[in-house]
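The values are calculated or read from the model by the stated rules, or taken from the named source; none is laboratory data. On a predicted model such as this, the values are computed, not experimentally measured, just so you know. Reconstructed Cβ throughout: ideal geometry from the backbone, glycine too, with neighbour counts over all protein chains shown. These area figures cover heavy atoms from the full protein model, side chains too; ligands, DNA and RNA do not enter into them. Shrake-Rupley method; radii C 1.70, N 1.55, O 1.52, S 1.80 Å.
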Amino acid sequence: MPDLLNRAGGMGEIAEVQGPYETAPFGNELVELAKTNPSIVGLSADMSKYSDIVPFMKAYPERYFNAGVAEQSAVMMAAGLAKVGKTAFCATYAAFLSRRALDFIAIACAHSKANVKIVAGSPGLVNPYGATHQSLEDLVVMRSVPDLTVIDPCDAVELRHAVRAAAATPGTFYIRNLRGKVPVVFDESDFEFVVGKARRVREGTDVAVISTGFMTERAMKASDTARDLGVSAAVLHVPTIKPLDEQAIVDIASSVGRVVVVENGLRAGGLGTAVIEVVHDRGIAVPVTRIGLHDRFHPCGSQAYNEKVFGLDQDAITDAVVTGNWAFA
């Protein structure tokens, strides 16, 4: 097992980070927010190290609660703390939150409009431990829950801004957490994060790439390569899956000949499905290629290995953007 962890970059850490990065942006941002906001508390389900909440735990031990290996209890504790005026950040693996604790997120938190921020680590195909630890379906599940804001940040900068926005906004949030050494893609000096707003990060006229999470960095690289090959590819980054910026999708989809949607999760029911719903409902006749994961359990293995096998790596995305072809089982 240590070999597997080394190849995968750790327990659900983004693997093979190249270029600038930040370590534990979620936990460090929470520490900064807590300095001026005494209502902030942190919780985990025996996963403090692997959800990057350790900086907060060390800085504010009296404001940190560990529920043990009991995700449902952690979410209920967060809901209870919210009821007495706290802003509760509850962090553990996305797979455990979206499966075991779903009813508690939906009813105790979202239905009650509780000020709970669910911070879901190791999203999608990142985790090396296979189907039990991979949260392929979390975006599909969470976008179906009413009164729940769902965010999938691209990088360390956007993750910090999303945590900041969640702390300042009443209600229940589900934030995909990039942990460990997290790449820095966006420039802090001109970055702005607004809940519910997409961001066009590349201009183009032939094809539109609509992406979310850390797949946006790959979409940007694919756009750059496509331009060198004579294909003009726009890129729309959609960090907020819910509420969805439908107008931004309409604007970019209606300006090109085809659309490619890229996400780290199931093809059916996630961002790709949401995009198809929008273009259909608005009467936009444009072909949509969805790059994501098929309806199956995925094996143990490093992130790099699984992404190559199942078509989420840079080469597969670039090929789909340039040619429109993407065919993985």
For the stretch 71-190, what is the charge dipole size about the Cα centre, in debye to the nearest 20, if Lys and Arg each add +1 at the Cβ and Asp and Glu each add -1 at the Cβ?
-> 440 debye
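In debye, nearest 20, what is the charge dipole magnitude of the stretch 138-278 about its Cα centre with +1 on Lys and Arg Cβ and -1 on Asp and Glu Cβ, if you could check?
Details: 16 positive and 19 negative charges, 70 e Å.
Around 340 debye, computed over the stretch 138-278.
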Using bins 10 angstrom wide from zero, how does P(r) for the stretch 178-253 break down, in % of all Cα pairs?
-> 19, 49, 29, 4
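As a check on your grasp of the helix formula, calculate [θ] at 222 nm for the chain: sum -39500 (n - 2.57) over DSSP H runs of n ≥ 4, divide by the residue count, round to the nearest 500.
Computed mean residue ellipticity for the chain: -10000 deg cm²/dmol.
Run through the stretch 38-142 and list the GluC sites (Glu not before Pro) located in a DSSP loop whose Cβ has at most 13 other Cβ atoms within 10 Å. Mind dumping the intermediate values first?
Working: sites: GLU62, GLU71, GLU137; in loops: GLU137.
Listed in order of number, the matching sites amount to none.
Give me the number: length gained by fully extending ALA168 to ILE107, i.e. 0.36 nm times residue separation minus the C-alpha to C-alpha distance, one decimal in nm.
Values: separation 61, 0.36 × 61 = 21.96 nm, distance 2.18 nm.
Contour length minus Cα-Cα distance gives 19.8 nm.
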Hey, can you find the accessible area per residue of the chain for me, probe 1.4 Å, expressed in square angstrom?
-> 38 Å²
Cα pair distances in the stretch 129-240, grouped into 5 Å bins until the bin that holds the longest one, percent each = 2, 11, 20, 20, 19, 14, 9, 4, 1, 0
Sticking to Cα atoms, compute the Rg of the stretch 214-329 to one decimal and its Dmax as the biggest Cα-Cα distance, whole number, in Å.
-> 13.9, 42
Nearest-ten-degree value, helix 314-323 long axis tilted from longest Cα axis of the chain | 40 degrees
For ILE241, residues with placed amide H under 5 Å, excluding near neighbours = VAL150, ILE151, ASP152
Based on Cβ point charges of +1 for Lys and Arg and -1 for Asp and Glu, what charge dipole magnitude is obtained for the chain about its Cα centre, in debye rounded to the nearest 20?
-> 760 debye
So how far apart, in nm, are the two label points at VAL69 and ASP251 if each is 7 Å from Cα heading toward Cβ?
-> 4.9 nm
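In percent, what relative contact order does the chain have, based on Cα pairs under 8 Å that are 6 or more apart in sequence? Please list the in-between numbers first.
Details: 760 pairs, mean separation 58.3, N = 329.
RCO, the chain: 18 percent.
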Have a look at GLY180, GLY283, GLY257 and tell me which one the Gaussian network model of the chain (Cα, springs below 10 Å) gives the largest fluctuation.
-> GLY283
So, in nm, how far is label SER39 from label VAL84 when the simple model puts each one 7 Å beyond its Cα toward the Cβ?
-> 1.6 nm
In a GNM of the chain with a 10 Å cut-off on Cα contacts, which of HIS237, HIS111, HIS161 has the highest mean-square fluctuation?
-> HIS111
Can you count the Lys pairs in the chain with C-alpha separation below 15 Å, eight or more apart or on different chains?
-> 10
Whole-percent carbon and sulfur share, accessible surface of the chain, 1.4 Å | 54 percent
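Taking R0 as 35 Å, what FRET efficiency do you get between ASN325 and SER144 from their Cβ-Cβ distance, rounded to the nearest 0.05? Don't skip to the end; give the middle numbers.
Working: r = 31 Å, r/R0 = 0.87.
E(calc), rounded to 0.05, equals 0.70.
Write out the trypsin sites (Lys or Arg not before Pro) in the stretch 250-329 meeting two conditions: DSSP loop, and at most 15 other Cβ atoms within 10 Å of their Cβ. Walk me through the numbers before you get to the answer.
Numbers: sites: ARG258, ARG267, ARG282, ARG290, ARG296, LYS308; in loops: ARG267, ARG282, ARG296.
Passing both the DSSP loop test and the Cβ count: ARG282, ARG296.
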Over all distinct alpha-carbon pairs, what is the Kirkwood Rh of the stretch 228-292 in angstrom?
-> 12.2 Å
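From Cα pairs below 8 angstrom and at least 6 apart in sequence, can you work out the relative contact order of the stretch 171-329, rounded to a whole percent? Walk me through the numbers on the way to the answer.
Values: 257 pairs, mean separation 36.2, N = 159.
Relative contact order, the stretch 171-329: 23 percent.
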Phi angles of the stretch 103-118, converted by Karplus (6.51 cos²θ - 1.76 cosθ + 1.60, θ = phi - 60°) into ³J(HN,Hα) in whole Hz with x for Gly and Pro, give 4, 6, 5, 5, 8, 5, 9, 5, 4, 8, 6, 6, 7, 10, 10, 7
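Kirkwood-based Rg over Rh for the chain (C-alpha set), two decimals? Please list the in-between numbers first.
Details: Rg = 18.8 Å, Rh = 19.6 Å.
Reported Rg/Rh, Kirkwood definition of Rh: 0.96.
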